[in-house]
Amino acid sequence: MHKHHSALGLAARSTARTVAGLDIAKRKPVDPVTLVRPHAAARAARFFVEKFPGRSMYAVKANPSPDLLRVLWDNGITHYDTASIAEVRLVKATLPGATCCFMHPVKSVEAIGEAYFVHGVRTFSLDSLEELAKIVAATTQDDGSPATDLTLCVRMRVSSEYAQLSLGAKFGVGVEESRELLIATRQVADALGICFHVGSQTMSPDAYSNAMERVRAAIVGAAVTVDVIDVGGGFPSAYPGMTPPPLERFFETIHRAFESLPVSYSAELWAEPGRALSAEYASVVVRVERRRGAELFINDGAYGTLFDAAHIGWTYPVQLLRQPDSEARDMDFSFWGPTCDDLDHMKGPFPLPADTRAGDYFEIGMLGAYGSAMRTGFNGFGTGDTVIATDEPMLSVYGEDRDVAAGRTGNVVKL
Ligand SMILES: *Cc1c(COP(=O)(O)O)cnc(C)c1O
């Protein structure tokens, strides 16, 4: 049985993992193989459906795989946060019964019109009077009668200070400017919402309570009735060196902050998790094509699933798949991807056994969110096969055995 020697102390290793991984190593695939774990996505969906004190809609951009969409649907996720007309079409084609909410604050008139008239989308976000005018125009009937069934969510700008990835600069209105927009939106909306995004991989629940204070100020300032409070995404997953507090603590903080708003008696609470519902769904098995000291040339990279590893230095758990198991101690490696581009570099550090060599395969975990979704065909390097794995993801923020897993390795994953 494979034993992992990583100082990162990954979650429980299982015989199933070794078998799945080594089977791939035996078949010697030339292209990177995506391992998907439907049971992990199902568990994440059920967790949000059962424990988040409101409605959870999946942010499709994190991973638009139709197979994943079906797993989430089967486990109770009925609403989908879509940000482009292509995402709306994909969700409706995959899950005809699903409800799409179009939560990009800057849309084309054509996209709004198709979403409303063809796909039955009724919920849109906005952060300007121009966008409000576009939505009104694009949803007006041919006979000139305006839509009377719109749920319109005003996107507020909030701090990204607790997030690993800021979403604070591009969209959203400040509290001051929100007054005019909230009042104007209230006049045309059947239901008025306020939404925000605290940034992705948010490591503290305080991010949400701080954002809710801005929401409170906006509601009081505009003196409008609000029907929806949408706390957006940002819920964290587990990565090496990034062990977030339990998701329950985020949910409790959000619930308390929501309950204290002046509209809580009549408003609905929504969230838009992307990363948290998809991160544990997929990993990738790569092959070492060359070793140069502490640098490994592998067959996936910045233009494949490792965009964040290359561009923002994100690290992911790694595990060598070799039989018999390596006896060598771990050392830190960096990776070069397969393209001819110097940018195709992942500095890591990624700890693997010191005798890792060309021809070895290893698994890179936690690539279900913003990993698989980022793959391009640049320079002729694309995707290989997708294989279903039944073992546990390399790290997890869910699951009954998460404490056991932490106890077994005595490190990280203490959630
Ligand atoms: C990206 C995005 C999400 C998902 O964010 P995560 O950090 O992946 O949970 C949710 N809502 C909006 C509007 C987004 O842009």
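Take Pro273 and tell me if it is at pLDDT 95 or above, out of contact with any Cys (no Cβ under 6 Å at 6 or more places or on another chain), under 30 Å from Gly221 (Cα atoms) and open to solvent by less than 10 Å² (accessible area, probe 1.4 Å). So Pro273 passes the test. Residues of the range 228-250 that are open to solvent by less than 40 Å² (accessible area, probe 1.4 Å) and more than 16 Å from the ligand (Cβ to nearest atom): Pro240, Pro246.
Can you tell me which residue in the range 176-227 is farthest from Tyr370 (Cα to Cα), limited to those that are within 14 Å of the ligand (Cβ to nearest atom) and β-branched (Val, Ile, Thr)? Checked the range 176-227; the qualifying residue farthest from Tyr370 (Cα to Cα) is Ile194. Screening Ser108, Ser125 for residues that are of a type in the set (Ser, Thr, Tyr) and under 17 Å from Ser178 (Cβ atoms) leaves exactly one candidate, Ser125. Filtered by the rule that a residue be open to solvent by 10 Å² or more (accessible area, probe 1.4 Å) and small (Gly, Ala, Ser), the range 201-221 gives Ser204, Ser209, Ala217, Gly221. Residues considered: His255, His197. Of these, the only one that is out of contact with any Pro (no Cβ under 9 Å at 6 or more places or on another chain), in contact (Cβ under 8 Å) with a residue 60 or more places away in the chain and in the same structural domain as Arg122 (by TED's automatic domain parsing) is His197.
Let me confirm something: among Ser65, Ser84, Ser108, which residue is within 13 Å of the ligand (Cβ to nearest atom) and open to solvent by 10 Å² or more (accessible area, probe 1.4 Å)? First the steps, then the outcome.
Numbers: Ser65 fails: within 13 Å of the ligand (Cβ to nearest atom); Ser108 fails: within 13 Å of the ligand (Cβ to nearest atom).
Selected residue: Ser84, the only one of Ser65, Ser84, Ser108 that is within 13 Å of the ligand (Cβ to nearest atom) and open to solvent by 10 Å² or more (accessible area, probe 1.4 Å).
The values are calculated or read from the model by the stated rules, or taken from the named source; none is laboratory data. Just so you know, these numbers come straight off a predicted model, no measurement behind them. As a convention, Cβ positions derive from the backbone with ideal geometry for all residues, glycine included, and neighbour counts pool all protein chains shown. Heads up: the accessible areas ignore ligands, DNA and RNA and are worked out on the full protein's heavy atoms, side chains in. Shrake-Rupley method; radii C 1.70, N 1.55, O 1.52, S 1.80 Å.
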